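The values are calculated or read from the model by the stated rules, or taken from the named source; none is laboratory data. Quantities reported herein were computed from a predicted structural model and do not represent experimental measurements. Ideal geometry is used to build each Cβ from the backbone, glycine not excepted, and the neighbour counts take in all protein chains shown. The accessibility values were calculated without ligands, DNA or RNA, using every heavy atom of the protein model including side chains. Shrake-Rupley method; radii C 1.70, N 1.55, O 1.52, S 1.80 Å.
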Amino acid sequence: MVLNRREAVLTPIPRSMANQIKNRIVINLDQPGGVPRTTPLRSGSRARDGRRWPKVLGILAAFCVAIVVIVGIALFFWWRHYQKTPAYSLALIVDAAQRDDMVAFRNQLDDEQIARNLVASVREKASSRYGLALSDSLQKKIDDLLPALWPQFKDRIHTEVAKEVKEFSSGAKSKPFVVVALAISSLVTITMDGDNARVTTPIANRPVEVTLRRNGDRYKVVDFKDDVLVQRVVDSMMKDLPPIGALDLKIPLLKSPKPRRRNR
């Protein structure tokens, strides 16, 4: 090996060995300090890196799809379970009332049971209207009239309950059903008792209690406790009951005394 002043001449190596060398160091003697430079890697390494990224992206995409599918399945089963809760049935009632769909609204109410549970309260308030004029015979007459008034009684209760539900859900008007169904639980208090669910909520700053009973996969309203509702029903039924002014009270204390003639 012979070295001159400008460069170093190295003994050549066979071509087969040169292909196995990835890097080689060249010393430039023209530059002061002889800073070595490294030759770049072969293009084959870059090609392998380029082929690796599609695989990584494919794995990430498959992972994201799997997460979406798992979440979708979980939401589906959760929604199916939620459809069997009292809150969902209450949301159906609210939605039907806001859409004025009385057929769907009536399907969520047990009018017969509601009327049976309210008849005692209505009878008591109706009787109190007569005050001292209420006698045993008049009470019997009122009781005899109630069966004949039963269809009107149920229709009136149905109408008043619909008004109450609309008043309660006035803020839910024009909102999607899913929003109403998910928000209803935060607006009421639901207490479970076997197949019965007691729902309490304030309406116009007064407490209202609704009882729902399981009916298959849904719940139906079977009781509605609200003094204002009962009062409205009584007011609408008073015209069908015996009028107070037409009664023969037969109470001496209430009769006007006859004027006395003065003796001259």
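Among the residues of this structure, residue 71 counts as one that is of a type in the set (Val, Ile, Thr), in a helix (DSSP H, G or I) and out of contact with any helix residue (DSSP H, G or I) (no Cβ under 8 Å at 6 or more places or on another chain). Among strands (runs of 3 or more DSSP E) entirely within the range 117-234, having at least 2 residues that are open to solvent by less than 50 Å² (accessible area, probe 1.4 Å) singles out 196-203, 206-215, 218-225.
Return yes when residue 89 is of a type outside the set (A, V, I, L, M) and under 16 Å from the mean Cα position of the chain (by Cα) and no when it is not. First the steps, then the outcome.
Working: of a type outside the set (A, V, I, L, M): yes; under 16 Å from the mean Cα position of the chain (by Cα): yes.
In short, yes.
Checked against (1) in contact (Cβ under 8 Å) with a residue 12 or more places away in the chain; (2) of a type in the set (D, E, K, R); (3) closer than 26 Å to residue 102 by Cβ, residue 116 meets all criteria but (1). The C-beta contact set for the range 88-104 (first residue touching a residue at least 24 places away in the same chain (Cβ under 8 Å) and part of a helix (DSSP H, G or I), second residue polar (S, T, N, Q) and open to solvent by less than 10 Å² (accessible area, probe 1.4 Å), distance under 9 angstrom, 6+ apart or interchain) comprises 93/169; 94/169; 95/169; 97/169; 98/169. Scanning the range 78-102 for residues that are of a type in the set (A, V, I, L, M, F, W, C) and over 19 Å from residue 217 (Cβ atoms), we see that the one that is surrounded by the most Cβ atoms within 10 Å (Cβ to Cβ) is 97.
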